[in-house]
Amino acid sequence: MKTYLLPLKFLLTALLFASAINAQIVLNSDRKPVIGDSFTTKYMDTTGVNEGASGSNITWDFSNVTATGEQWTAQYVNPSEAPGDSLFPDADVAVNYDGLSYSFYDTESNTVHSLGMAYEDFSIVYFNTEKISEYPFTFNSTFLDNFRHSTNWEKG
């Protein structure tokens, strides 16, 4: 089975491991991505991979997973550099996915809200925006959020 691993939104909900002394990691809002940051996602062949148990004090070993060679890069940019920026006036950062699409975010002091996405021919604007991070957070932190969106198809 061919699949790929994606960084979870804003890389903030990535797998967290306790240190050797089992200290608890706490992520604060100063760890949010900012304009100029980037990340590369590589597609992986996960044939035969079993993630095993979940929970605290568990370590997963994915050292045998191999990259397929396919990848894409995301750049955090100023929203004014992205098409459709006028639809997202509250955005203070946008993510450019290899020029194919842009996601827009409002990174308030202790939360991150996804405002929507813009593509060449259409956009998706979230109303009652999607909260994707709440700070500080640590292992077993939770929050609940409802959101909705509308899609605007424009013929060019």
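Please treat every number below as a calculation from the coordinates, not as lab data. All figures in this text were calculated on a predicted structure; none of them were measured in a lab. Neighbour counts are summed over all protein chains in view; Cβ atoms, including those assigned to glycine, are modelled from backbone coordinates with ideal geometry.
The table below lists the values:
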item	result
Relative contact order computed over the range 24-141 (Cα-Cα under 8 Å; 6+ residues apart), in percent	25
Per residue convex hull volume, Cα atoms of the range 86-151, in Å³	96
Net charge over other residues, Cβ less than 11 angstrom from the Cβ of G69 (K, R count +1; D, E count -1)	-1
Gained length - D121 relative to T59, 0.36 nm times residue gap less alpha-carbon distance	18.0 nm
The range 39-133: equivalent-ellipsoid semi-axes (sqrt of 5 x gyration tensor eigenvalues, Cα, Å)	32, 19, 11
Ordering of 68-76, 83-91 by burial proxy (mean other Cβ atoms within 10 Å per residue, highest first)	83-91, 68-76
